[in-house]
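The block underneath contains the structure these notes are about, expressed in structure tokens.
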Amino acid sequence: MAAGDTNVSICNKALLLLGAESITSFTDGSLAAAACSSLYPEVKATTLAMYPWSFSIAKIQLTRDTATPATEYTYQYVLPSDMLTGVPRSVFLSSQPGAGAYKRWEIGRSALGASVLMTEATEIHIDYQQSVSEGQMPSYFVQLLAYQMAWHLAEIITDQTTKMQMWKSEAVGTPSEGGRGGYFRQAVNIDSAGQTPQVIADYMLVEVRG
């Protein structure tokens, strides 16, 4: 893990790449700080959601809601508040190793507006992709995130669209690569060493469908 990294330190890596002065916080009054404060949360969430990074996959047993869904299903379960994509990667009826994935469920909204998983099952476990703190991010992902921020900050900081295009290419490659090239591809290759074959196969299937 890249111990000691924070949202500010990652933004400062990006600013260094752009030849700009570092910031002390997102509220230090500088143009760079204001831009980082506005852009960083969305860039972080987007970069995490680009791939099922091994460090972002979590397992949890869902808590059954006391309310009954207003659908054909009997039960609903509250989804984790830190889930990135809004949909579990896999759903199971138990936490036992080798349990097969369960398919009879849908995502909906409770009467109070919370995201819920609706089903007939009386016990639900899920694998999902969660938002993680900067201190939990490995160095290859921190580097990718710095490149992503350099891309998104470039025109604001340097007033040069060529800089923006250069860092976009560095981060995710050329348009012909569909956002899957550049350092992103290298980071995926590093991360895949810690993934199960099924996770990689699922990702490739999504890419083919896309």
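The values are calculated or read from the model by the stated rules, or taken from the named source; none is laboratory data. This one's a predicted model, so the numbers in the text were calculated from it and none came from an experiment. Positions of Cβ are backbone-derived with ideal geometry, glycine not excepted, and every protein chain shown enters the neighbour counts.
I need the full set of residues from segment 44-72 which are part of a loop (DSSP other than H, G, I, E, B) and more than 10 Å from the chain's Cα centre (by Cα), in order please.
Within segment 44-72, 62, 65, 66, 67, 68, 69, 70, 71, 72 qualify.
Among 199, 172, which is buried (at least 17 other Cβ atoms within 10 Å of the Cβ) and at pLDDT below 95?
199
So which residues in segment 108-126 are modelled with pLDDT of 95 or more, surrounded by fewer than 22 Cβ atoms within 10 Å (Cβ to Cβ) and in a strand (DSSP E or B), if there are any at all?
Listed by number, the list holds a single entry, 125.
Considering every residue within segment 36-47, establish whether at least one is of a type in the set (Ser, Thr, Tyr) and under 21 Å from residue 107 (Cβ atoms).
Yes - at least one qualifying residue is present in segment 36-47.
Name the residue, out of 41, 97, 80, 69, that is closer than 19 Å to residue 184 by Cα and free of Cβ contacts under 8 Å to residues at least 60 places away in the same chain.
Going through 41, 97, 80, 69 in turn, the sole match is 41.
For segment 1-40, how many residues meet the condition of being assigned to a helix (DSSP H, G or I), over 22 Å from residue 166 (Cα atoms) and of a type outside the set (Gly, Ala, Ser)?
2
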